[in-house]
Amino acid sequence: MLLWLAVIVVTVFLDQLTKYLTILHLKPIDTLPIIEDVLHLTYVENTGAAFGMMKDARWVFMITSTVAILAILGYMACRIYVQKVKMSWMEALSLSFIVGGGIGNMIDRTVLGYVVDMIDCRFINFAVFNVADSFVCVGAGIMVLYLVKMTVEESRAEKKARAEAEAEEGETTDEIADETADETATEVESIPEAEEVTEAPATEAEERTDGEAAEEADHE
């Protein structure tokens, strides 16, 4: 947990550092072209959500952001300290980036009343955004990849378990078949013995008859 708290702190620090430099150097000149009409650094005061959406809803975003940040931190603490689960690095990193970005923008809304944006991608006519927004988006992307990875691994595990179960069923069927074959073979082997026992008295009777016939012949 301490590692991911450090990631959150670094994320907030980088966001606030870039915003401080933006206010210090960009505000007086408004915009600085990095690549003309492609990528600019432009000073913008955003009173809405990320990427300039829903302007002038400061308190709504402050409340929802606070609830979301506390919920994510509570989830991470519960997983690590209560459930004693070792979180995947992808899951923990994504949540840390989201929390760090959320805190960075929350500081601006609380202290300044607006969020400072500076990254201006003009080649796609996109809204101006900041480092905190970037961390939130990267964190969300990592979370999507993590969920896809988990889904694929669970699907493979289910297929493997199903294959092992079918293999065990096949082995059980083979064992039953072998036992049945052994029992049949034993029954077949016991049939001649019964015939021998049945034939034995008949042989003794024939010998007795031959002996009587010989005695009669001697008397004559």
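The values are calculated or read from the model by the stated rules, or taken from the named source; none is laboratory data. All values derive from a computational prediction rather than experimental measurement. We place every Cβ from the backbone using ideal geometry, glycine too, and count neighbours over all the protein chains shown.
Annotations
- The condition of being modelled with pLDDT under 90, surrounded by 12 or more Cβ atoms within 10 Å (Cβ to Cβ) and farther than 30 Å from residue 32 by Cα holds for residue 80.
- For region 11-38, the set of residues classified as in contact (Cβ under 8 Å) with a residue 24 or more places away in the chain and surrounded by 14 or more Cβ atoms within 10 Å (Cβ to Cβ) consists of 11, 12, 14, 15, 16, 18, 19, 22, 23, 26, 31, listed by residue number.
Results for (1) at pLDDT 85 or above; (2) more than 29 Å from residue 42 (Cβ to Cβ); (3) of a type in the set (Val, Ile, Thr), shown as yes or no for each residue.
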| site | (1), (2), (3) |
| --- | --- |
| 118 | yes, no, no |
| 137 | yes, no, no |
| 141 | yes, no, no |
| 151 | yes, yes, yes |
| 156 | yes, yes, no |
| 160 | yes, yes, no |
| 166 | no, yes, no |
| 171 | no, yes, no |
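- Pairs with Cβ under 8 Å, 6+ apart, first in region 49-68 and among the aliphatic types (A, V, I, L, M), second part of a helix (DSSP H, G or I) and at pLDDT below 80: 49/61; 54/60; 54/61
Here is a yes/no grid of residues against (1) in contact (Cβ under 8 Å) with a residue 60 or more places away in the chain; (2) under 21 Å from residue 61 (Cα atoms):
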residue: 84; (1), (2): no, no
residue: 89; (1), (2): no, no
residue: 97; (1), (2): yes, yes
residue: 101; (1), (2): yes, yes
residue: 107; (1), (2): yes, yes
residue: 113; (1), (2): yes, yes
residue: 116; (1), (2): yes, yes
residue: 121; (1), (2): yes, no
residue: 125; (1), (2): no, no
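- For residue 51, the requirement of being at pLDDT below 85, surrounded by 11 or more Cβ atoms within 10 Å (Cβ to Cβ) and touching a Lys or Arg at 6+ places or on another chain (Cβ under 7 Å) is not met.
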